[in-house]
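First comes the structure, then the notes that go with it.
The values are calculated or read from the model by the stated rules, or taken from the named source; none is laboratory data. Computed from a predicted model, the values in this text were never measured in an experiment. Counting neighbours? That spans all protein chains shown, and the Cβs are built from the backbone with ideal geometry, glycine included. Side chains are part of the model used for accessible areas, which takes the heavy atoms of the whole protein and leaves out ligands, DNA and RNA. Shrake-Rupley method; radii C 1.70, N 1.55, O 1.52, S 1.80 Å.
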Amino acid sequence: MGTAALLRAAGVGAGDEVVVPAFGNVEVARAVTLAGALPVFADIDPATYCLDPAAVGAALTPRTAAVVAVHRFGRPADLGQLRALGQRRGLLVLEHAELDASREETARRRERAAYLDARLRGVLTPEGGADHSYQQYVVRVPGNGRPDRDAFARAVRAKGVACRIPVPTPVHRLPEFRRCVSLPETERAADETLALPVDASLTKRDMQRTASVCNALGGLLAPAR
């Protein structure tokens, strides 16, 4: 059952608000709209890129009926705190999961992520943890008033290393959901994040090339102090 159907089944609809992240997953906001409710955007935790429970708490109003927690890049949302908040406030808390990878695929991704963790310089590597499955390996390229992440991505691609900007535009900036809301961590993550390849099919030479290319560029794009 999809998110919209789950919301409807719980009686969420017209006049209700549902707290969702703006960092990616436009389909979650659309599902809330399909259920007849209003999506309300809360900020993310900068380490996990998932909803920050404190930001969710600050976004609640008397009309809030539900929260949709979205797992991001292989890091799970803090369901414990969100469910505790939901119990205190009488809210439905739904979980929007990513596609599962096989145990073997996840193990290989973790190996490649550990390799990059140990070798990358000039970018901020992701915070790991035993529960991180690395659906995407997302680094940060801090800016200094210029689109440094975008320049970095173009340079990396020009050297033959695949990379992608995981969230080009946060949902609250899209025309259909445009909101005047302060989401500083969401904005920062959208401007700085870059996904590097850690697919199980990559060879050690591929990983060495990724590290070498990024390290050759990282020092050139370090933020001004």
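Which residue fluctuates most in the GNM of the chain (Cα springs below 10 Å): Gly160, Gly122, Gly36? Judging by the Gaussian network model, the answer is Gly160. In this simple spin-label approximation, Thr61 and Arg30 carry label points 7 Å from Cα along the Cα→Cβ vector, and these lie 2.5 nm apart. Each of Val123, Val181, Gly74 was scored by the projection of its Cα onto the charge dipole of the chain, and the greatest displacement toward the positive side belongs to Val123; charges sit on the C-beta of Lys, Arg, Asp and Glu. Amide H contacts under 5 Å for Val67: Val19, Leu92, Val93, Leu94, restricted to partners 5 or more places along the chain or on a different chain, H placed in the peptide plane at 1.01 Å from N.
Looking at the range 16-167, the accessible area is 46 square angstrom per residue; that uses a 1.4 Å probe and ignores ligands, DNA and RNA. Between Arg121 and Ala5, the contour length at 0.36 nm per residue exceeds the alpha carbon distance by 37.2 nm. Taking the chain as the reference, fit the longest principal axis to its C-alpha atoms, fit the long axis of helix 204-218 to the helix C-alpha atoms, and give the angle between the two in degrees, 0 to 90, nearest 10. It works out to around 90 degrees.
Can you send over the carbon and sulfur percentage of the accessible area for the range 1-46, probe radius 1.4 Å, protein chains only? Let's see the in-between values first.
Working: 990 of 1700 Å².
Exposed carbon and sulfur together represent 58 percent of the surface.
Qualifying trypsin sites (Lys or Arg not before Pro) in the range 49-97, where qualification requires a DSSP coil assignment and no more than 16 other C-beta atoms within 10 Å, comprise Arg63. Rounded to the nearest 10 degrees, the angle from helix 148-158 to the longest Cα principal axis of the chain is 50 degrees.
Applied to the range 163-180, the Karplus parametrisation 6.51 cos²θ - 1.76 cosθ + 1.60 on θ = phi - 60° returns per-residue 3J(HN,Hα) values of 7, 8, 7, x, 9, x, 9, x, 4, 6, 9, 6, x, 6, 10, 4, 9, 8 Hz, with x for Gly and Pro. Of the candidates Asp45, Asp206, Asp148, which one comes out as most mobile in a Gaussian network treatment of the chain with C-alpha springs shorter than 10 Å? Highest fluctuation of the listed residues: Asp206. Along its first, second and third principal axes, ordered by size, the chain spans 53, 41, 26 Å in Cα coordinates. 3J(HN,Hα) along the range 189-196: 5, 5, 7, 10, 7, 8, 9, 9 Hz, from the Karplus curve 6.51 cos²θ - 1.76 cosθ + 1.60 with θ = phi - 60°, whole Hz, x for Gly and Pro.
Grab the eigenvalues of the alpha-carbon gyration tensor for the range 1-89, scale each by 5, take roots, and send me the semi-axes largest first in whole angstrom. It would help to have the intermediate numbers written out before the result.
Details: eigenvalues 76, 44, 26 Å².
Those come to 19, 15, 11 Å.
GNM remark for the chain: springs join alpha carbons under 10 Å apart, and the peak mean-square fluctuation among Arg119, Arg140, Arg149 falls on Arg119.
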